[in-house]
Every structure is written in structure tokens, then in C-alpha cells.
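Reviewing the structure listed below.
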Amino acid sequence: MAITFDKALGIHQHALEARVKRAEVLANNLANADTPGFKARDMDFQAMMQKAQDSMSGFGMEKTHSGHMDTSAGAGDSDLLYRVPNQPSVDGNTVDSQAEQTRFMRNAMDYQASFQFLNSKFTGLTKALKGE
Amino acid sequence: MSLGNIFDIAGSGMTAQSLRLNTTASNIANAETASSSTDTTYRARKPVFSAIQQSMLNPGQQAFGVQGSEGAGAGVRVEGIVESEAELQMRYEPNHPAANEDGYVFYPNVNVVEEMADMMSSSRSFQMNVDIMNTAKSMMQRILTLGQQ
């Protein structure tokens, strides 16, 4: 019975990665809170997870050449959507700082949850290896 | 993992906001700087922000299909500083040392109330970027403890 990290860790490593990507996008929204004409963006987390799950179950596209595009759980441009503004400002900026900050905090919490799951996977592996 | 990018993004935000605070300070400090001609009068300065796109940083990357976390953007930058075109204030002060032959002096077109509001806005935005940096830092520190008991 071979142990592979991919199988042992399950979806959580992809979830953690997706959380980091989302944190980056939200941080960018907040940094541009005062930039005229900037459109706030966010990613469809569910779609990203679905993609990760598909690539895990072996239905993903195989890359046999360095020039092949990555179709797995990366944050390509297609994953990034534009937020529908609640109340756009006159200068064309669609960042709602308070809402974005809330989302950022929430995302950080979800990140911690994913981290906890991933960490417990490692703890389990260590226990199995030690046989204590 | 691209948590390091968040530091860059929040850092660029902090730089931009502190520059905005700088112009505000300059405007308020010079709000009463009178002058005898319109050419030499101080004019309110404003920074112009624009979003940095990742593709601007690595123009060659996208052509080769290199997929980083592009599209997420890479923060904000200051395009430049523009001087306000608003009307200067002309006041009749014949006793002013800088008064022209008609007895008028020119005061800058700084709106102090507007500058104060701008100051609060930029200081809040700065704080927000600091918060983000702190959160990213704690996320990164968590990652370092991965696999520990």
C-alpha cells in the first residue's frame, strides 16, 4: 500500500491554496479602494473547488509539454469575476471597503479552518508512521 | 503559495495612501501662503492612483501561457500628482507685504474642509492595509507550523 500525499491530504491542500488566492484578490481590491475606475473582483470558490476535485479524480487535462496551459485549480483569469456593485461611486470604482474587509476576514477564518483540517491530516500520518 | 504577494499589494496601498497624506499635509500647510501673482501661488495638489496589473510587471509571461496568479492584480501605484485647476482666491489686502499695485493678494485654492476629509479617508485606508498585512502575516505564520504537534 503506497502512501501518496495527494491521496492522504485530500481536498484540503487545494482548499488552502484557493483561500490564499482569494486573499490576494481581496487584498488587491482593498489596496485599490481609492483608485478611480477600478472594478472590484472576486473568485467563484465553489467552481474552483469543483475544478480541484475533477483534477483529483483523474478527469483533469494532462500536461505533456511545458507549453501546455494549466487547466487545474489555478486562479486563471476565467476564475476571476467582477463584483456586481451595490452602490458604485461616481468615479467608477466598485470597491465597497467595509464589505471587502468583511470578506477578507471571513476568508482568513476559512483559511484557518482548512489549515486545521490539513494539519490534522499530517498529525494522523505521523501517528500512523510512529505506530504509538 | 502566493501569500508574499499580499505583502506587496498591501505595501503598495500603504505607499500610495501615505503619499496622499503627504499631499494633504502640504496643502493644509500652504493653505494661507499668499502671493502677489497667480503664477507663483501655491495650488492644491492631488495624487492620481491607478491599479497595477500583473501583466504590466511581466509582459512576456502571458504570451507563453505562464499561469501565475495573474488577474489578481498587484496593488496600486501613483501615476503622478496633479495641481488643482480651481479658481484662486483673490483678496483685497492693501497692507499685505505681497499685495500687488491694486492691493490684491492671491491665496491658494486649497479647500481645508475637503483636505481634512481626505486626510481621514487616507488614514483609514492606510489602517486597512496594515490590517491586511497583519492578517497575511498570521496566515503565513500558521503555514510555518504545519505538521507540528
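Read the figures in this text as sums done on the coordinates, not as results from a lab. Only a predicted model underlies this, so the values are computations on that prediction, with no experimental measurement involved. Counting neighbours? That spans all protein chains shown, and the Cβs are built from the backbone with ideal geometry, glycine included.
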### Relative contact order of chain A, pairs being alpha-carbon contacts under 8 Å that are 6 or more residues apart, as %
38 percent
### Summary
Nearest 10, in degrees from 0 to 90: the angle of helix B:3-29 to the longest Cα principal axis of chain B is 10 degrees
### Query
So what's the angle, to the nearest 10 degrees on a 0 to 90 scale, between helix A:45-56 and the longest Cα principal axis of chain A?
30 degrees
### Message
Run the paramagnetic zone check for B:Glu83: 7 angstrom along Cα to Cβ, then residues of the range B:95-125 with backbone nitrogen under 16 Å.
### Response
B:106-111
### Query
In nanometres, what is the gap between the two model label sites at A:Ser57 and B:Met119, each 7 Å from Cα along Cα-to-Cβ?
6.0 nm
### Task
Equivalent ellipsoid semi-axes for the range B:96-147, as square roots of 5 times the alpha carbon gyration tensor eigenvalues: give them largest first, rounded to whole Å.
52, 10, 5
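Let me have the 222 nm mean residue ellipticity of chain B computed from DSSP H runs of 4+ only, each contributing -39500 (n - 2.57), with the sum over all residues rounded to the nearest 500.
Details: 3 runs with 64 residues, N = 149.
Per the formula, -15000 deg cm²/dmol.
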#### Entry: A:Phe5 versus A:Gln116: modelled label distance in nm, points set 7 Å from Cα along the beta carbon direction
2.4 nm
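Cα gyration tensor of chain A, axes a ≥ b ≥ c as square roots of the eigenvalues: rounded (a/c below 1.5), prolate (a/b > b/c) or oblate?
Details: a/c = 3.61, a/b = 1.75, b/c = 2.06.
Taking the square roots of the gyration eigenvalues as a ≥ b ≥ c, chain A is oblate.
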### Task
Please find the FRET efficiency linking A:Val84 to B:Glu93, where r is the Cβ-Cβ separation and R0 is fixed at 45 Å, and quote it to the nearest 0.05.
0.25
### Query
Calculated from DSSP H runs of 4 or more alone, at -39500 (n - 2.57) each and per residue, what is the 222 nm mean residue ellipticity of chain A, nearest 500?
-18000 deg cm²/dmol
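Can you give the relative contact order of chain B as a percent, counting alpha carbon pairs under 8 Å and 6+ residues apart? Kindly include the intermediate steps, with their values, before the conclusion.
On the way: 211 pairs, mean separation 51.7, N = 149.
The value is 35 percent.
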### Query
Taking the Cα centre of the protein assembly as shown as the origin, how large is its charge dipole in debye, to the nearest 20, when only Lys and Arg (+1) and Asp and Glu (-1) carry charge on their Cβ atoms?
1520 debye
### Query
Using 7 Å Cα-to-Cβ label points, what is the B:Tyr104/B:Gln148 separation (nm, one decimal)?
7.1 nm
